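Down below is the structure, laid out as structure tokens.
Since every read-out is calculated from the coordinates, none of them should be taken as a lab result. Just so it is clear, the structure is predicted and the values come from calculations on it, not from any experiment. We place every Cβ from the backbone using ideal geometry, glycine too, and count neighbours over all the protein chains shown.
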Amino acid sequence: MQKSKMKYSRRTMIGSLAALSGAVTLPLPAWATGSMGKGHGGAVRKGMDQLSGAKIDLHIGEGRFVTGGRSGHAIAVNGTIPGPLIRLKEGEPTLLSVHNMLDEDSSVHWHGLLLPFQFDGVPGVSFPGIKSGARFDVPLTPRQSGTYWWHSHSGLQEQVGHYGPLIIDPAGADPVQYDREHIILLSEFTPMHPHSIMKKLKVAEGYFSRQKTSASDDYPLSTEERLMWGRMRMMPTDIADVSAPTYSYLINGHGPEDGLELPFTPGERVRLRIINGSAMSFFNIRLPGLPMTVVQADGQNVQPVEVDELQIGVAETYDVIVTPTEAGAFAIAAESMDRSGMAQASLSSQPGRKAAFPALRDPPLLSMVDMGHGGMDHGSHGAKADVPADSATMDHGQMDHAAMGHAMPAPAATTGGDDMAAMDISGGMNMRDTSLLPASVKVGPGIDMVAMNPQDRTGYPGLGLDNVPHRVLNYRMLKSFKMDHHKRAPDREMELHLTGNMERYMWSFDGKKFSAVGDDPIRFGYDERVRVKLVNDTMMAHPIHLHGMFFELVNGQGHHQPKKHTVIVQPGSSATFDVTTDEPGDWAFHCHLLYHMHAGMMQTVSVAFPEGAA
């Protein structure tokens, strides 16, 4: 990957955007005039076409999408969900021309791509957005290769279909050898309008949960544990804000009822480019009976590592190689993290041959470690060089406490009735002790939990996957494909807290809700080397995405730290990355759970321009 070659100032670049986004669109394409588009409500097709070449036109329209007996409003690009696969080649220029045929503003963010900030596609941060009836042109000469994707960054359009895959083939030989490839783009569909979902989450954040505990349920919880969770007004099953049956889970726009088949010939090396393009869903991916060799993470090549299952957070990508040696059908099972539903496709050696899919597993339960109580991380497996010192303790979140007969301690008597701030749990540690927070965190109603002893959990495979009987990927297993011999030590360090009030559905960084007007951005000098520690003070896993730059995950791999653009920060824990800020401009930095971002868990990262820039 090459550094940016921009020679202009932030002011010069922003000044040209209004004209670009206000240009008149070209005549509607044939597919739009016949079915959907501005003022139309025609049918949206499932699946995706492929576009490549020196000029690529994307038309954002609306229509009706149907899957599994459900029908609802959709925003589709070029008439399909997902939108078209954009296939580019490293070093070859193209013009991406985005036409907005909606009655509202829209945008396209090129997720994971290195490009000048004014083309990154985030309204209010890096450009004004694309007005109704307007066109926005993005000149791009890819400086990278790999598996990426694109999506709207306007309102909640991503939830209703405005997303698609993007593949950049390397200029030279691909170090990953394969005979066939398939894209596995995971997403969700719901006929419920996303603004209705957001309203229900604000009124009652547990509205969509169908896995609540009760006195008569079958969850392996002791009486003491049930009393503790009850006093805290929390659920140990509070894993996902929105899940099945509200969502139908999709692979390439197809629900489980569609019986999507992806072909293979026995003996082939099949590359699966897995993209989590969902709004809110983590997925656990497995092909029972067929090992996966992970060869790429977030578009960056990694040293091959064989696993049987992996968890993919919202906005992450993983490329894996599978080699089915015999004829038959293999299930591609993408189970939601809360195990309420599954996206499905069959890898089949002959048409019509369907795989047998595993049943949904029992829902996972949150533990004391997910509250930030710390502990020993059994997922570390090996050297801990460059892993933060706080990771060397025991991660009890990887143990099944109920199965082991370990009851979590009940809270001590409080002095303020139902006052959570007065609650004292687990040996005198207070989960709302705001004195544990640094001065940079704004304390107020937007914070209802503080991690008391947050540990680095990059060795944790994800909720519910710590006690399965097979190999599961975790971040400490990822090693960059090439060694970085010239890695600089950080010039400085900073700490950011992921904060929230789950009951009020308030989400933020450092207790400060994002506002496009008046916010003081996170500032970096040009070409700084900064170590950033993310501390998750909530009981939910957050996929945190940095626009415009890759960071190196501090995972114990020394000069082989893997580059990523999105990192899952586990509940009540921390994760650390190093970033070299060599891409000047204003960039979004946010949780990629769509409704968390919309509720305020986002900030602007501002990288200074080099001295002497015009």
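Full extension of the chain segment joining ARG488 with GLN303 gains 64.4 nm, where the gain is 0.36 nm per residue of separation less the Cα-Cα distance.
So for ASP241, ASP103, fewest C-beta neighbours within 10 Å to most, what's the order?
Working: ASP241 24, ASP103 10.
Sorted ascending by nearby Cβ count, the order is ASP103, ASP241.
Based on Cα contacts under 8 Å between residues 6+ apart, the range 488-597 shows a relative contact order of 30 percent.
Could you please tell me the mean projected area of the C-alpha convex hull for the range 461-602, averaged over all directions and given in square nanometres to one decimal?
Working: hull surface 38.6 nm².
The orientation-averaged projected area of the Cα hull of the range 461-602 comes to 9.6 nm².
Using R0 = 51 Å, the C-beta based FRET efficiency linking ARG70 and ASP519 works out to 0.85. The alpha carbon centroids of the range 267-287 and the range 104-148 are separated by 25 Å.
The range 232-297: Rg/Rh from Cα coordinates, Kirkwood Rh? Numbers along the way, then the final one.
On the way: Rg = 15.9 Å, Rh = 15.2 Å.
Across the range 232-297, the Cα-based Rg/Rh ratio is 1.04.
So if we plug the beta-carbon distance of ASP527 and PHE357 into 1/(1 + (r/R0)^6) with R0 = 51 Å, what FRET efficiency do we get, rounded to 0.05? So, using R0 = 51 Å, E works out to roughly 0.55. Classify the range 427-472 from the C-alpha gyration tensor, please: rounded if a/c falls under 1.5, else prolate or oblate depending on whether a/b exceeds b/c. Since a/c reaches 1.5 and a/b is larger than b/c, the shape of the range 427-472 is classed as prolate.
Derived from the Cα gyration tensor, the three semi-axes of the equivalent ellipsoid of the range 316-361 are 21, 15, 8 Å, largest first.
Tell me whether the range 532-599 comes out rounded, prolate or oblate; compute the Cα gyration tensor, take square roots of the eigenvalues as a ≥ b ≥ c, and use a/c under 1.5 as the rounded threshold.
Numbers: a/c = 2.43, a/b = 1.17, b/c = 2.07.
Since a/c reaches 1.5 but b/c is at least a/b, the shape of the range 532-599 is classed as oblate.
Rg and Dmax, both from the Cα atoms of the range 447-533 and both in Å, are 17.8, 51.
Would the range 95-213 count as rounded, prolate or oblate if I go by the C-alpha gyration tensor, calling it rounded below 1.5 in a/c and otherwise prolate when a/b exceeds b/c, oblate otherwise?
Details: a/c = 2.55, a/b = 1.35, b/c = 1.90.
In terms of gyration-tensor shape, oblate.
Would you work out the charge dipole size for the range 66-137 about its Cα centre, treating the Cβ of every Lys and Arg as +1 and the Cβ of every Asp and Glu as -1, and quote it to the nearest 20 debye?
Working: 5 positive and 7 negative charges, 43 e Å.
Magnitude of the dipole: close to 200 debye.
The order of TYR526, TYR595, TYR318, going from fewest to most other C-beta atoms within 10 Å of their C-beta, is TYR526, TYR595, TYR318. Please work out the FRET efficiency for the pair ASP49 and GLU268, using the Cβ-Cβ distance as r and a Förster radius of 35 Å; give the result to the nearest 0.05. Once the sixth-power term is evaluated, E becomes 0.90.
How would you rank HIS545, HIS485, HIS590, going from fewest to most other Cβ atoms within 10 Å of each one's own Cβ?
Fewest-to-most Cβ neighbours within 10 Å comes out as HIS485, HIS545, HIS590.
Just to be sure I understand: of the beta bridges DSSP finds with both ends in the range 454-567, what percent are antiparallel, rounded to 5?
Numbers: 9 of 16 bridges.
Once the DSSP bridges in the range 454-567 are tallied, antiparallel ones form about 55 percent.
Remark: the GLU326-HIS193 segment gains 43.4 nm on full extension, using 0.36 nm per residue and subtracting the alpha carbon distance.
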